[in-house]
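The next block holds one structure in the form of structure tokens; read it before the comments.
The values are calculated or read from the model by the stated rules, or taken from the named source; none is laboratory data. Since the model is a prediction, treat every value here as computed from it, not as a measurement. So basically every Cβ, Gly included, is an ideal-geometry build from the backbone, and we count neighbours across all protein chains shown. Just so you know, the surface numbers come from the protein's heavy atoms only, side chains and all, with ligands and any DNA or RNA stripped out. Shrake-Rupley method; radii C 1.70, N 1.55, O 1.52, S 1.80 Å.
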Amino acid sequence: PAEAAARAFDYANGLPWVANLDDAWVEGGRGWPSPLPMFWLLDPEAPGQLVAGATEAQAAEAADPATARAMYETMLTVQALDDVFYMAQRQGRVSFYLQAAGEEGATVGAAAGLASEDEMFLQYREQGACLWRGLTLDDMADQCVGNAESPDKGRTMPVHYGNRKLKLHTISSPLATQLPQAAGAAYALRISNEERVVACFFGDGSASEGDAHAGLNFAATLEAPVVWLCRNNGYAISTPTREQFRGDGLAPRALALGTDAVRVDGNDPLAVRAAVASARARALKNKKPVFVELMTYRLSSHSTSDDASKYRAADELAALGVAARHPVARLKAYLQERGHWDDDLEETTR
């Protein structure tokens, strides 16, 4: 239905899905199905199980047990970090904060699919990617508090992380400015013949900015190896996706520019890691950009300056089945079902 296509995050109501990643990839500029299929592995309706058509070999290839467990532990750390700093903001200890609730799988899974030498441009909800890359809790606390230990010395807003050694380009507040920057960085890698890619995170709201089209088109025409990572989480602050566009999500925009694209269940950490690893390999092989649309949902308000209850219906979470599709719960069930996690580990880690 048109409503399901417009509210792209509502993949419970109409988006076709595939369990084979090759079937989800679409080549840019060659025409494409509408709506685009979505790749996933973990069944949201049967905790711990794979969707029909997926195999244990696929899941193991997406992430071996040690990697899947490390991803889960990182996602738990994101939750703890968000809880502490949300309360710190409410107590007046920091001026501002953005939570990643509901999007832990999209950011951790994506970072796990990249290589440590890849450059990474962030927006502001990628705490999981930062932790996976090696940013410490002390580093993040220093930045949010704005003390002398932070590389920016308190000269920018909280949650605007950056670390040159870890190849994390410092976040800036204006939306979508990172897209043309990422295109330029990737072009520099291309002309230098470096076997690396640039990964660039952004949200569906940023995709509505002019800089997004400029960045996507620069990368396409310059054939720059960027892995675009679009978190389609349903809202640009208070504006739902159905009021941002009438098309089938965001991946078709890249396809129209000649960029290969794939849509993936952003609440399925295993599927995300597999899709991003595949995207990275494709970008390196073809020396061209690729686009990954991560279908997820923003459980929190936009930030501590926002109140989502003013524009989001009280029954929306239940209507969309968001709880069953929570990435942390899905990965935990997968690990437990295979004997890689238990209640004692859960209690110790939390």
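Going down the list 165/288; 167/288; 165/285; 167/310; 153/285, which pairs span over 28 Å between their C-alpha atoms? Before the final figure, lay out each step's value.
Numbers: 165/288 25 Å; 167/288 20 Å; 165/285 26 Å; 167/310 38 Å; 153/285 40 Å.
Distance filter (> 28 Å) returns 167/310; 153/285.
Could you pull out the trypsin sites (Lys or Arg not before Pro) across segment 70-133 that fall in loop regions by DSSP (anything but H, G, I, E, B) with no more than 14 other Cβ atoms inside 10 Å?
On the way: sites: 90, 93, 125, 133; in loops: 93, 125.
Of the trypsin sites (Lys or Arg not before Pro), the ones in loops of segment 70-133 whose Cβ has at most 14 other Cβ atoms within 10 Å are 93.
About the Cα centre, and with charges only on the beta carbon of Lys, Arg (+1) and Asp, Glu (-1), how big is the dipole of segment 60-212? Nearest 20 debye, please.
Numbers: 12 positive and 21 negative charges, 87 e Å.
I would put it at about 420 debye.
If you take all C-alpha pairs in segment 110-252, what percent of them are over 23 Å apart?
Numbers: 3772 of 10153 pairs.
For segment 110-252, the share of Cα pairs beyond 23 Å comes to 37 percent.
Once Rh for segment 155-211 is found with the Kirkwood sum over Cα pairs, what is the Stokes-Einstein diffusion coefficient at 4 °C and 1.567 mPa s, in µm²/s?
Numbers: Rh = 12.6 Å.
Stokes-Einstein gives a translational diffusion coefficient of 103 µm²/s.
Expressed as a rounded percentage, what relative contact order does segment 174-242 have, with Cα pairs under 8 Å and six or more residues apart? Don't skip to the end; give the middle numbers.
Working: 104 pairs, mean separation 28.5, N = 69.
Across segment 174-242, relative contact order equals 41 percent.
Can you order the peptides 264-277, 54-67 by their average number of other Cβ atoms within 10 Å per residue, highest first?
Numbers: 264-277: 29.3, 54-67: 15.3.
Going from most to least packed, we get 264-277, 54-67.
Using the C-alpha gyration tensor of segment 123-175, what are the square roots of 5 times its eigenvalues, in whole angstrom, with the largest one first? Before the final figure, lay out the partial values.
Values: eigenvalues 44, 36, 19 Å².
Output for segment 123-175: semi-axes of 15, 13, 10 Å.
Kindly give Rg over Rh for the chain, based on alpha-carbon atoms, with the Kirkwood expression for the hydrodynamic radius.
Values: Rg = 18.8 Å, Rh = 20.0 Å.
Over the Cα atoms of the chain, Rg/Rh equals 0.94.
What's the Kirkwood radius of segment 193-348 in Å, using all Cα pairs? Could the numbers behind the result be given before it?
Numbers: mean 1/r = 0.0579 Å⁻¹.
Evaluated over segment 193-348, this radius sits at 17.3 Å.
Relative contact order of the chain: what whole-number percent is it, with Cα pairs under 8 angstrom and at least 6 residues apart? Intermediate values should be presented prior to the final figure.
Working: 711 pairs, mean separation 90.0, N = 350.
For the chain, the relative contact order is 26 percent.
Just want the answer: with Cβ charges of +1 for Lys and Arg and -1 for Asp and Glu, which residue in 154, 186, 109 is farthest toward the dipole's positive end in segment 98-236?
Checked the options; the winner is 154.
What value does segment 46-163 have for Rg/Rh, both radii from Cα atoms and Rh as Kirkwood defines it? Display every interim value, and only then the final one.
Working: Rg = 16.2 Å, Rh = 15.5 Å.
Result for segment 46-163 is an Rg/Rh of 1.04.
If DNA, RNA and ligands are ignored and the probe is 1.4 Å, what is the ranking of 169, 326 by accessible area, most exposed first? Intermediate results must be reported in sequence, preceding the final value.
Working: 169 60, 326 35 Å².
Listed by decreasing accessible area, they come as 169, 326.
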